[in-house]
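Structure incoming, see below.
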Amino acid sequence: MFTLKTQNELAEMTEEQVNKYQADYDAHKTATMKQEVSNEVKSATNDLKDFLGEEIKGQIAEMTKNAPEFKHLKQLVKDNFETIKDNIKKGNAQDLFVVKAPQIHRTDNDVVTFDDSVNFEAGDNVINDS
């Protein structure tokens, strides 16, 4: 552990002792600064993580609360709350919902439309307008 010397103590030291003291002082000062910087970086990193976490949560909440898919899902959960709760208690949570792919819609002029993000082959899941 490094201890600071008074002017009187320094005056009584030899030149070699003063040089060693100066080297020890410089090493102590460097180590102290490194520790302070490290603590500040850790603190700033934690603050940034907290801020970004809250910001991302807020953005996701904002995006999803107005999305029609989530409004439908929210209503579905609300309508089936008791059934969902009972199934979870019984351990049957995996059988709560059946998710269906959106249907392909074929118009009179054979224009086929469907959600581009859904990748599935056309089969019996097609509506013909003709």
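The values are calculated or read from the model by the stated rules, or taken from the named source; none is laboratory data. Since the structure is predicted, the reported quantities are computational estimates derived from the model, not experimental observations. Every residue, glycine among them, receives a Cβ derived from its backbone with ideal geometry; neighbour counts consider all protein chains shown.
Let's see how each residue does on (1) loosely packed, with under 10 Cβ neighbours inside 10 Å; (2) within 29 Å of the chain's Cα centre (by Cα); (3) at pLDDT 80 or above:
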site	(1), (2), (3)
Ala11	yes, no, yes
Gln17	no, no, yes
Asp47	no, yes, yes
Asp50	no, yes, yes
Thr64	no, yes, no
His72	no, yes, no
Ile104	no, no, no
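Okay, moving on. Give the stretch 19-36 a look and list any residue that's surrounded by 11 or more Cβ atoms within 10 Å (Cβ to Cβ), aliphatic (A, V, I, L, M) and over 38 Å from the mean Cα position of the chain (by Cα), or say none.
Residue satisfying the conditions is Ala27 alone.
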